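The values are calculated or read from the model by the stated rules, or taken from the named source; none is laboratory data. A quick note: this is a predicted structure, and the numbers were derived from the prediction, not measured. Don't worry about glycine lacking a Cβ; one is built from the backbone with ideal geometry, like all the others, and counts go over all protein chains shown. Ligands, DNA and RNA are stripped out before the accessible areas are found, and what is left, the full protein with its side chains, is counted by its heavy atoms. Shrake-Rupley method; radii C 1.70, N 1.55, O 1.52, S 1.80 Å.
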Amino acid sequence: MNKIVSIEEAVTHIRDGMTVMVGGFLGCGSPHKLIDALVEKGVKDLTLICNDTAFPDAGVGKMVVNKQFKKIITSHIGTNPETGRQMNEKETEVNLVPQGSLAEKIRAGGAGLGGILTPTGVGTEVEEGKEKMVLDGKTYLLELPLKADVALIFGHKVDTKGNILYQGAERNFNPLMATAADIVIVEAEQTVAVGELDPNEVMTPGIFVNYIVGGDK
């Protein structure tokens, strides 16, 4: 199977109402070409799972400004005032999750776990509506796993089978999200032939990847 597709073909897999994970941290290590293509396409009523909502003019923040999300599950929104405005005006549902818990919920989704137990959020608004458990005298919250219809991720080098080598901030959320979606689309900074990557440096095996775009360099 040839996994390399055009951006135009890749975004046909994202339709109104889907749940979409997007990798990166404040736009660093995010698939910017795919995001721009979704802005142009105008797909709407999406649920976003992302570490943050970046900035109004960068990363998924462009999609926030374009009002393409009905719900956002994220760890912080402070760098994008538009997200806060939409939340306060009840235009968009925003579910704030502690960053470590968000990462672990995604990891649990990818690993097929029923959830994770964490002390983070006990005694705060975070615990509202969640099951609590006491183990060895300590209280934990049960956090349920997160999965998506599509994950949009970014890799430094990607071979034609979809094996991914990440660099720097690209390790933020991209490897986790690659395991937790039905369809995984990777935007490659560089596309290389099979055998060019050191197997010891591959963090995401190609078995998780459905489509590859980019690789202009």
Problem set entry | Residues satisfying the stated conditions in segment 36-63, i.e. closer than 15 Å to ARG15 by Cβ, hydrophobic (A, V, I, L, M, F, W, C) and open to solvent by 10 Å² or more (accessible area, probe 1.4 Å) | ALA37
Exercise. Right, GLU40: in contact with a Phe, Trp or Tyr (Cβ under 9 Å, 6 or more places away or on another chain) and of a type outside the set (Gly, Ala, Ser) or not?
Worked result: no
Exercise. Here is a list of conditions, (1) assigned to a loop (DSSP other than H, G, I, E, B); (2) open to solvent by less than 50 Å² (accessible area, probe 1.4 Å); (3) out of contact with any Lys or Arg (no Cβ under 7 Å at 6 or more places or on another chain), and GLY162 meets all of them except one; can you say which number that is?
Worked result: (3)
Exercise. Across segment 169-217, which residue is least open to solvent (accessible area, probe 1.4 Å) among those that are part of a loop (DSSP other than H, G, I, E, B) and charged (D, E, K, R)?
Worked result: ASP198
Exercise. Checking GLN86 against (1) of a type in the set (S, T, N, Q); (2) part of a loop (DSSP other than H, G, I, E, B); (3) crowded, with 20+ Cβ neighbours inside 10 Å, which single condition isn't satisfied?
Worked result: (2)
For this session: Check off (1) part of a strand (DSSP E or B); (2) over 20 Å from LEU152 (Cβ atoms); (3) open to solvent by less than 70 Å² (accessible area, probe 1.4 Å); (4) not charged (D, E, K, R) for VAL134 and give me the number that stays unchecked.
Result: (3)
Problem set entry | Condition broken by VAL97, with the remaining ones in (1) surrounded by 16 or more Cβ atoms within 10 Å (Cβ to Cβ); (2) over 15 Å from the mean Cα position of the chain (by Cα); (3) over 20 Å from VAL184 (Cα atoms) satisfied | (2)
For this session: From the list GLU201, GLU143, GLU128, pick out the single residue that is touching a helix residue (DSSP H, G or I) at 6+ places or on another chain (Cβ under 9 Å) and over 26 Å from HIS13 (Cβ atoms).
Result: GLU143
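State which residue is farthest from CYS28 (Cα to Cα) when the search covers only segment 50-98 and only residues that are of a type in the set (Asp, Glu) and touching a Lys or Arg at 6+ places or on another chain (Cβ under 8 Å).
Narrowing segment 50-98 to residues of a type in the set (Asp, Glu): 52, 57, 82, 89, 91, 93.
Now narrow it down to the ones that are touching a Lys or Arg at 6+ places or on another chain (Cβ under 8 Å): 91, 93.
Numbers: GLU91: 27, GLU93: 24 Å.
Of everything passing the filter in segment 50-98, GLU91 is farthest from CYS28 (Cα to Cα).
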